[in-house]
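Structure, as structure tokens:
The values are calculated or read from the model by the stated rules, or taken from the named source; none is laboratory data. Quick caveat: nothing in here was measured; it's all calculated off a predicted structure. Cβ atoms come from the backbone with ideal geometry, glycine included; neighbour counts cover every protein chain shown.
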Amino acid sequence: MKVALLELRRRPWRFAPAVIALVLLTVLLLILGGLLDGLYSGFTGALRAQPGELLAYAADARLSVLRSRIDAATAAEVERAPGVAQVGVLGTALLGATVPGQVTEASVALFGYQLAPHGVPAPPSQAGKVYADTSLKAHGVKEGQTLLLGPKRYPVSVVGWVSGTNFLLQGGLWGNVDTWREVLASARPDLMLAAGTYQVLTVSTAAGADPARVAAAIDVATGGTTYTVTRSFAVDALPGIKQQRSTFNAIIDMTFVVAALVVALFFVLLILERTGMYAVFKAIGASSGQLVSQVVLQAIVIAALSFVLGAMLALAVGAVIPPEVPLELTVGRAIEVALGLIVMATLGSGLSLRRVVRIDPATAIS
Amino acid sequence: MTALQLEKVRKVYRSGDGEIVAVDRASLEVGDAEIVALVGPSGSGKTTLLSISGGLLSPSAGRVVVAGDDISGYDPKRLTKFRRETVGFVFQSVNLVPFLTARENLLVVADFGRRDKKKSAARADQLLDELGLDQRKANLPAQLSGGERQRVAVGRAFMNEPDLVLIDEPTSALDTKLGEQVMELIVTEVRNRDTAAVIVTHDQRMTHHADRILHITDGILSDAPRS
């Protein structure tokens, strides 16, 4: 028989204030985490999906895909560098897309690629055919439709869906390099690149090769005209990504601390109320450790229950949030929040240890 | 064997610059299966003496031996174990756990003592039967009468098969008839189990149940009331 669990079952209203507070904090944690994940995914998906461990930029591009230019000769030097297994070219253009039947344009990032990113099929053989990121469905995009890109209304037709491939919060469109070159020529003739020149190279390393050494070898091989980095480094170098993540994580961490304080305060007040009962328990032979473990058990059950209710509420909130808000509720984030809440509840309730130890069993009889 | 032995026990409380002597060189022996009534006015030190006997308080001086164990120098941890295994308490204000049923209020003792669950359940049922509560096992304290609650408290005191039961004002909240019934039940349980008991009371009508009556006034213990 667990006294703590019986109390929870028979006097649930007594724990309602803590549960309500923790449910709201759970919703906040899940929504904050979902926004962080959505923003991160929306900003970086296209780079994180690249098949190569390395990305080679022009040295003077300061890790900007849009500024970078790599010509055919440099690409050939990269291919010959020691430790390189495979090289693919990549180009992008950020544009507005007119969607049939929609009043507002959708912001898209059109990519021309050779090596298929993770989750993306091989490039369409024909120019003017693209795979669209599923996030564009929220903008009314449908398979088989023709989207008109840029001010010159270059037509591309959607031949399938991919997911998690957005770039700088713009919906990813994936076509072959000819499509990208034609769209760029149509929309931004001033930025037209020479034949054989692309923006970035995605580089797969040979089995067993150290990516950092291969990156250094590439930059040596190109005489310093490239700046080659790992994929994760390139992702972190995107503007605002680190700041975005650290800001959200600071808010999430503070919310966890608030959860611990809520639990601590609640149980301190509850223990004040229970002083008489705990004195009796001590008088009949309960140790302080046994009583504290009862408090901690109640805190863990409350945290778990609050998480379940909070997760349901967060899903409901997620369902009514407009699709343009980059909210991504993931199982991984939910597990992180659940574990975090349980740890914080344990720590918070553990703060009541001193108060429980100080209860004098003699007060049961006086 | 002597169930309880107090030798020149003294309990002093500090109060500002002065001292309050709650119990002054009290000596007492309670034999197995003996029932001793401790009578005295309010503030005379009877509850303090009871608390010292049950390991709830440590004496300032003197020796306390319960069931052969000298507990005078026990630290709080050992006193907790001692209370769990050796003594039973019936508190003046009953002090049942409000969200536990009558049966669970008995089982909570076994729960903290990590005793065998089956044996504990059987013992709780047996005690409740003996106390006439077999039909009230599943009731919460709020659903029981004052007398029934007191009987549950008596049952709880016997759950850990104690060598010594310490009972504080068991009839103070009951009328004479109910008080008599509860005292008879206590005496029956004590006699049936060969357990020693010290009953603190200021109700002279209940003292005839005891084998011996001791008086305490201003912390001094005596066989006869002090004039």
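Just to check your reading of the model, which residue among A:311, A:316, A:362, A:338 is modelled with pLDDT under 95 and not β-branched (Val, Ile, Thr)?
A:362
Quick check on the stretch A:219-240. Is at least one of its residues modelled with pLDDT under 95 and over 21 Å from residue A:61 (Cβ atoms)?
No.
Tell me, yes or no, whether the stretch A:242-258 has at least one residue that is within 14 Å of another protein chain (Cβ to nearest Cβ), assigned to a helix (DSSP H, G or I) and loosely packed, with under 15 Cβ neighbours inside 10 Å.
Among the residues of the stretch A:242-258, not one is within 14 Å of another protein chain (Cβ to nearest Cβ), assigned to a helix (DSSP H, G or I) and loosely packed, with under 15 Cβ neighbours inside 10 Å, which makes the answer no.
Taking the condition out of contact with any helix residue (DSSP H, G or I) (no Cβ under 7 Å at 6 or more places or on another chain), buried (at least 22 other Cβ atoms within 10 Å of the Cβ), in contact (Cβ under 8 Å) with a residue 24 or more places away in the chain and over 30 Å from residue A:344 (Cα atoms), does residue A:202 pass?
Yes, satisfied.
Check residue A:330 against each of (1) more than 14 Å from every other protein chain (Cβ to nearest Cβ); (2) more than 24 Å from residue A:254 (Cα to Cα); (3) among the polar types (S, T, N, Q) and name the one condition it does not meet.
The number of the failed condition is (2).
Somewhere in the stretch B:52-67, is a residue within 12 Å of chain A (Cβ to nearest Cβ), surrounded by 15 or more Cβ atoms within 10 Å (Cβ to Cβ), of a type in the set (S, T, N, Q) and closer than 27 Å to residue B:207 by Cβ?
yes
Scan the stretch B:208-223 for residues that are buried (at least 20 other Cβ atoms within 10 Å of the Cβ) and either on the phi > 0 side of the Ramachandran plot or among the polar types (S, T, N, Q) (or both) and jot them down.
Result: B:219, single match.
Could you please find all residues in the stretch A:1-33 being under 20 Å from residue A:311 (Cβ atoms) and either of a type in the set (Ser, Thr, Tyr) or within 14 Å of chain B (Cβ to nearest Cβ) (or both)?
Hits for the stretch A:1-33 are A:8, A:12, A:15, A:26.
Looking at (1) part of a helix (DSSP H, G or I); (2) more than 9 Å from chain A (Cβ to nearest Cβ); (3) crowded, with 22+ Cβ neighbours inside 10 Å, find the lone condition where residue B:4 falls short.
(1)
Could you check, for the stretch B:133-151, whether at least one of its residues is surrounded by fewer than 23 Cβ atoms within 10 Å (Cβ to Cβ), of a type in the set (A, V, I, L, M) and farther than 20 Å from residue A:280 by Cα?
yes
Applying the selection to the stretch A:312-339, what residues are over 15 Å from residue A:24 (Cα atoms), assigned to a helix (DSSP H, G or I) and in contact (Cβ under 8 Å) with a residue 12 or more places away in the chain?
A:333, A:336 - these are the residues of the stretch A:312-339 that are over 15 Å from residue A:24 (Cα atoms), assigned to a helix (DSSP H, G or I) and in contact (Cβ under 8 Å) with a residue 12 or more places away in the chain.
Pairs only if they're at least six apart or on different chains, beta carbon under 6 angstrom, first in the stretch A:351-366 and away from every other protein chain (no Cβ under 11 Å), second assigned to a helix (DSSP H, G or I) and β-branched (Val, Ile, Thr); list them, first residue then second.
Filtered contacts from the stretch A:351-366: A:352/A:268; A:352/A:271; A:352/A:295; A:353/A:292; A:355/A:271; A:356/A:292; A:359/A:275.
Scan the stretch B:100-132 residue by residue and report those that are at the interface with another protein chain (Cβ under 10 Å from one of its Cβ atoms), buried (at least 17 other Cβ atoms within 10 Å of the Cβ) and of a type in the set (A, V, I, L, M).
Answer for the stretch B:100-132, where residues must be at the interface with another protein chain (Cβ under 10 Å from one of its Cβ atoms), buried (at least 17 other Cβ atoms within 10 Å of the Cβ) and of a type in the set (A, V, I, L, M): B:100, B:107, B:108, B:109, B:110.
Which condition from (1) more than 14 Å from chain B (Cβ to nearest Cβ); (2) part of a loop (DSSP other than H, G, I, E, B) is the one that residue A:285 breaks?
Failed condition: (1).
Which of the residues spanning the stretch B:89-99 are at the interface with another protein chain (Cβ under 8 Å from one of its Cβ atoms), closer than 10 Å to residue B:156 by Cβ and modelled with pLDDT of 90 or more?
B:89, B:97
Would you be able to say whether some residue in the stretch A:54-67 is among the acidic types (Asp, Glu) and more than 23 Å from the chain's Cα centre (by Cα)?
Taking every residue of the stretch A:54-67 in turn, at least one turns out to be among the acidic types (Asp, Glu) and more than 23 Å from the chain's Cα centre (by Cα).
If residue A:31 meets every condition in (1) modelled with pLDDT of 95 or more; (2) β-branched (Val, Ile, Thr); (3) farther than 30 Å from residue A:346 by Cβ apart from one, which number is that one?
(3)
Every residue in the stretch B:35-51 that is within 12 Å of another protein chain (Cβ to nearest Cβ), of a type outside the set (S, T, N, Q) and either touching a Leu at 6+ places or on another chain (Cβ under 6 Å) or part of a strand (DSSP E or B) (or both), please.
If the condition is that a residue be within 12 Å of another protein chain (Cβ to nearest Cβ), of a type outside the set (S, T, N, Q) and either touching a Leu at 6+ places or on another chain (Cβ under 6 Å) or part of a strand (DSSP E or B) (or both), then B:46, B:50 are the ones that fit.
When the residues of the stretch B:68-86 are narrowed to those that are among the charged types (D, E, K, R) and in contact with a Gly (Cβ under 6 Å, 6 or more places away or on another chain), which ends up nearest to the other protein chains (Cβ to nearest Cβ)?
So, considering only residues that are among the charged types (D, E, K, R) and in contact with a Gly (Cβ under 6 Å, 6 or more places away or on another chain), the one nearest to the other protein chains (Cβ to nearest Cβ) is B:84.
Considering only residues that are over 14 Å from residue A:52 (Cβ atoms) and in a strand (DSSP E or B), which ones fall in the stretch A:212-228?
Of everything in the stretch A:212-228, just one residue is over 14 Å from residue A:52 (Cβ atoms) and in a strand (DSSP E or B), namely A:227.
Filter the stretch A:205-230 for residues that are touching a Gly at 6+ places or on another chain (Cβ under 7 Å) and surrounded by 13 or more Cβ atoms within 10 Å (Cβ to Cβ); which is nearest to residue A:152 (Cα to Cα)?
A:205
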